[in-house]
1. Starting from the 7 Å offset along Cα-to-Cβ, what nm value, one decimal, do you get for the label separation of A35 and H307?
2. For a quick size check, give me the Cα extents of segment 39-133 along its three principal axes, largest first, whole Å.
3. Using the per-residue mean of other Cβ atoms lying within 10 Å as a proxy for protection, in what order, highest first, do the peptides 87-93, 286-292, 67-73 fall?
4. Multiply the residue separation of A325 and S183 by 0.36 nm, subtract the distance between their alpha-carbon atoms, and state the gained length in nm to one decimal.
5. Give me the Å³ per residue figure for the convex hull around the C-alpha atoms of segment 176-263.
6. Taking the mean number of other Cβ atoms within 10 Å as a proxy for protection, how do you rank 157-168, 440-451 from highest to lowest?
7. Pull out a ≥ b ≥ c, the square roots of the eigenvalues of the alpha-carbon gyration tensor of segment 120-179, then state rounded if a/c is under 1.5, prolate if not and a/b is larger than b/c, and oblate in the remaining case.
8. Can you give the Kirkwood hydrodynamic radius of segment 204-249 from its Cα pairs, in Å with one decimal?
Amino acid sequence: MKPVTAGLGTAMVFIASGLWALSVQSDGFPHADHAGLFPLCESCHGGIETGSDADYFPPPDRCTPCHDGVREDSVDWQEPSRTPSNLDYAHSEHARLVVEEGDSADCAACHREPGSTVRMAVVRAAPETCLACHADDAGDHLSELRDCRSCHVPLTMATRLATDRISEFPTPESHEREDFISSHDPETDQGAAACATCHALESCTRCHLNGATLTAVASLESDPRVATIVASKSPEYPEPDTHDGFEWSWQHGEVALGDDTGCANCHAQDSCSLCHEARQAQEIATLPALQQEDPRGVRLSEDPTVHDAGFMMSHQASATANGDACGSCHSMPFCESCHDGPDKPRYHFGNFLQMHAPEAWGAETECATCHNPDVFCRGCHTGLGLGSEGRLDVAYHTDRPFWLFGHGGPARQGLESCRTCHSQADCTQCHAALGAWRINPHGPGFEAERLAEANPSSCLICHRTGIPPT
C-alpha cells in the first residue's frame, strides 16, 4: 500500500460529523463466522465509502432472513455503541484519496488482526496501523514534530469526551524532559495547535498568572472539563537559572522595571511589596493582583535574604553610600530601633558630640542618613556662631582666607560635611551646566567614567536625575 496524502492518518475509526469512534465490545459481531456469506465489507457497511452515517452498520432486520428461529437461532444484534473522540477522520474521505492515489487498499489493511491471515479477522484500527503508512520524519505517534491537526480537532471541539477520558490522555515523551516546564512555549502555529489537542485555557492559567496577556495562552478556549482536572493539581514554578545566586536579589530590579512579562508568569504584586514597601503602586501595577486564597504564584519567604552574613555589623558603608536603596525596605523607625534611645545600642561612641568634627568632615560617615542637616546640625552650629548662611557667608570658614576660591578640594574630599550647612542650590549657583558661571566642579584630569563605575552612589549625590553620559 502506497503512502497517501499527509494528514489522513488516524488512531481510531472515526466519523467526522459526530466525533466518535467504535468501541470494542466483547460480544461484538462474529465476522469470522460470516466470512463465507459476505464477500465484501461494503455488503454490510456501504456507508463507509459513501459517507452515509445511517448506512455505516446494517439494520437488525438484515439478520432475520437467516436468523428466523428455524434455520438459524434468532438474534437481537445491535450496532456497536459509539464512543466520543477528538479524532478528525472520515472513512469516505480516506477511501476517496486512496483511489485517487491509485492504491488498491481495502478495509483489511487497517482492520485485520495483526499477524492473522484469516479473512475477516476484524479488529479496531490502532495508531500503529495508521503510522505504518503515514510514516515520516516525526517518528513516534506523540512526537512533538507531528502536526496534530492532521488527525485531531482541538479538545474544546470534542464536547462529547468525558472528563475521565481526557485525564487519561497519554503523556508525550517531550513532556517528561527536566526542562520542559521552562521551555514549553510554542513558537509556531503548529506548536500551539498541538497544545490545543489535549489542553484548554485552564491548563495554562493553572500556573501562568498573566495567561490572558500571552498570545499562545489566550488563543486557547476555556473548558470546564479541563478546569475540573487541573483543580486538584498544584502550580509548578521551577526556579530559572538567572535567579540562582545571591547577586540576583540586587540585580533583578533592572529586569523587572524593563519588561516584567517574564516576572508576571510566576509573580504577583505581593512578591515585590514583600520587600519594596516604599515602592510606588504604579511600579508594580502591571503584575497580577491575586486574592489571598488564590493558590497560584510564587510565595516568597516572609524574611527575604538580601544581605549576606554579618551585614548588620558592617552595613555602615552601604547605608552611607546608598541610603535610598535601604529605604526600599526599611523606614527610619527601623534604624532608630537600634540607633536611638538610652536602652538601645548606640551608633556613636561616648562623648561623640564634643569630638564629632573629624567624623562629620570625613567621607566615611554620612550624617544625613540619620540626621536632618537643616534642623539637627544647623540648629546647633548656628546657635554657637559656627553656622553659615548662603554661599558668600563664610563665617564658618574663618580659618582660611579666600575660602570660596579654594573650597573645591575639601568639597571633593568631604562633600557630606558640606551638606551639613549647604544645599545643592548653593553649589549650582556657580556649578550649573546651564546658566550660572558653568564652573566645572571636577578638577583637571577627572576620570568620570571610571569613578562612576567604581561608586555610582557618589555621583548621584549631585546628579540626582541620573549620571550624565561621558
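Laboratory data are not the source of any read-out in this text; all were calculated from the coordinates shown. Bear in mind that the values here come from a model prediction, so they are computed numbers and not experimental data. Ideal geometry is used to build each Cβ from the backbone, glycine not excepted, and the neighbour counts take in all protein chains shown.
1. Simple spin-label model gives 8.6 nm for this pair.
2. 46, 30, 27
3. On the way: 87-93: 18.4, 286-292: 13.1, 67-73: 10.4.
My ranking of the peptides, most packed first, is 87-93, 286-292, 67-73.
4. On the way: separation 142, 0.36 × 142 = 51.12 nm, distance 3.41 nm.
Taking A325 through S183 to full extension adds about 47.7 nm, to one decimal.
5. Values: hull volume 10.4 nm³, N = 88.
In segment 176-263, the Cα convex hull volume per residue is 119 Å³.
6. On the way: 157-168: 14.1, 440-451: 10.4.
With the highest mean Cβ count within 10 Å placed first, the list reads 157-168, 440-451.
7. Details: a/c = 1.71, a/b = 1.07, b/c = 1.60.
Oblate, because a/c is 1.5 or more while a/b does not exceed b/c.
8. Details: mean 1/r = 0.0781 Å⁻¹.
Mean inverse Cα-Cα distance, inverted, gives 12.8 Å.
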